[in-house]
Amino acid sequence: IAIALGIVTALLAVIVTLAFFGSWLRIKSQQHGNSPVSIQSDARQLNADVAGQSAEWNAKPEIDFNPPAINEKVGAAFGVDVVLKGAKDLLSVPVEIFYDPEKLELIDVTNGGLMDRDGQAAVLTQRAAPLEGRIYVSVSRPSSAPGISGNGVVFTLKFLSKASGRSSLRVSQAGLRETSAKILSVDSSEAIVTISTESEALPR
């Protein structure tokens with residue numbers, strides 16, 4: 001009889017333990033959503049988030065001209081903004097731009113405000129080769145300043161239209177420098193300048 005009672009007691013203990021363990025597993029599963037469907041859904045979402053963040057981080061900054069299409073008369077002065085999009089932690093923006101010196105004359109370069117919008121003093125330097133139709137402009141922040149991120153006008157070019165015809169403004173080279181001293185390449189677009197005389201503008 002004693003042996004039988006011991007066996008029954010042991011079986012009851014096993015049954016209670018199994019029941020408790022099963023209840024614990026169900027509770028943990030509900031807390032963490034660890035059903036097969038939930039796990040697959042979470043994995044897909046995680047992969048999508050990582051891919052989206054990676055694509056955003058690896059996207060190149062872009063330099064554009066604003067406006068991208070310009071129509072002026074001979075003898076007119078006009079400005080073109082050089083706009084940077086997708087800046088990340090930048091200390092300096094050096095850009096070299098080509099234009100047609102037979103059609104255009106560069107008369108001024110002014111700071112656009114992106115690199116000093118937080119109150120840090122940005123320094124604009126320029127080096128022009130007017131006979132070649134080439135201008136090198138760099139806008140730099142102090143080396144001790146934090147980097148600038150975002151979009152905005154880096155500088156503005158002011159031209160005088162000299163002769164009728166078409167000229168393009170294009171970036172020949174640019175190497176943006178981050179606070180880590182890393183040099184970034186950029187994508188760029190061009191602007192088209194169409195210059196006409198007064199007689200060409202008259203209706204026929």
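The values are calculated or read from the model by the stated rules, or taken from the named source; none is laboratory data. Just so it is clear, the structure is predicted and the values come from calculations on it, not from any experiment. Remember, those area values only see protein heavy atoms, side chains included, never the ligands or the DNA or RNA. Shrake-Rupley method; radii C 1.70, N 1.55, O 1.52, S 1.80 Å.
Counting only heavy atoms of the protein chains, get the accessible area per residue of the range 118-204 (1.4 Å probe) and round it to a whole Å² value.
On the way: 4880 Å² over 87 residues.
Per residue, the range 118-204 has 56 Å² of solvent-accessible surface.
Taking amide hydrogens as modeled 1.01 Å from N in the peptide plane, which residues meet the under 5 Å criterion relative to Ser168, leaving out close sequence neighbours?
Those lying under 5 Å, H to H, from Ser168 are Asp100, Val193.
On each of the three principal axes of the Cα atoms of the range 78-204, give max minus min coordinate, whole Å, ordered largest first.
For the range 78-204, the Cα spread along each principal axis is 59, 26, 23 Å.
Can you list the residues, at least 5 places off or on another chain, whose amide H is less than 5 Å from the amide H of Phe155, using H built in the peptide plane?
Hits under the 5 Å cutoff: Val82, Gly112.
From the phi angles alone, apply the Karplus equation (6.51, -1.76, 1.60; θ = phi - 60°) to the range 124-138 and give each ³J(HN,Hα) in whole Hz, x where the residue is Gly or Pro.
9, 10, 9, 9, 10, 10, x, 5, 8, x, 9, 9, 10, 10, 9
Tell me, what % of the accessible area of the range 68-201 is carbon and sulfur with a 1.4 angstrom probe?
47 percent
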